[in-house]
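Q: My questions will all concern the structure given below.
The values are calculated or read from the model by the stated rules, or taken from the named source; none is laboratory data. This one's a predicted model, so the numbers in the text were calculated from it and none came from an experiment. Cβ: placed from backbone, ideal geometry, glycine included. Neighbour counts: every protein chain shown. Just so you know, the surface numbers come from the protein's heavy atoms only, side chains and all, with ligands and any DNA or RNA stripped out. Shrake-Rupley method; radii C 1.70, N 1.55, O 1.52, S 1.80 Å.
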Amino acid sequence: MTKAKGAMDKNLSNVVDDLNQTVVNSHQAQQQQQDRNDRRHQDALNHDHTTDTEHP
């Protein structure tokens, strides 16, 4: 098993890192927003629970 690395929340630290980035223009801002949306979408797919798992 792995040890916990301190008490810092990894998700929270990622949010702080995102907020610390300086956006230069609207294109970069859009790219960062799309990256966040892609991560959220992938997370939703990873937590999808199908209900029809029985085959006749």
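Q: Sort out which residues of the range 9-30 are in a helix (DSSP H, G or I) and polar (S, T, N, Q), and write them in order of number.
A: If we filter the range 9-30 for residues that are in a helix (DSSP H, G or I), which is where we start, we get 10-20, 26-30.
Within the range 9-30, ASN11, SER13, ASN14, ASN20, SER26, GLN28, GLN30 qualify.
Q: Any residue at all in the range 44-56 that is modelled with pLDDT of 85 or more and surrounded by fewer than 10 Cβ atoms within 10 Å (Cβ to Cβ)?
A: No, there is no match, as no residue in the range 44-56 is modelled with pLDDT of 85 or more and surrounded by fewer than 10 Cβ atoms within 10 Å (Cβ to Cβ).
Q: Quick one: in the range 1-43, which of the residues that are among the aliphatic types (A, V, I, L, M) and open to solvent by 100 Å² or more (accessible area, probe 1.4 Å) is modelled with the lowest pLDDT? Walk me through it before giving the result.
A: Residues of the range 1-43 among the aliphatic types (A, V, I, L, M): 1, 4, 7-8, 12, 15-16, 19, 23-24, 29.
With the extra rule that they be open to solvent by 100 Å² or more (accessible area, probe 1.4 Å), the set shrinks to 1, 7-8, 12, 19, 24.
Details: MET1: 42, ALA7: 72, MET8: 76, LEU12: 83, LEU19: 78, VAL24: 79.
Among residues in the range 1-43 that are among the aliphatic types (A, V, I, L, M) and open to solvent by 100 Å² or more (accessible area, probe 1.4 Å), the one modelled with the lowest pLDDT is MET1.
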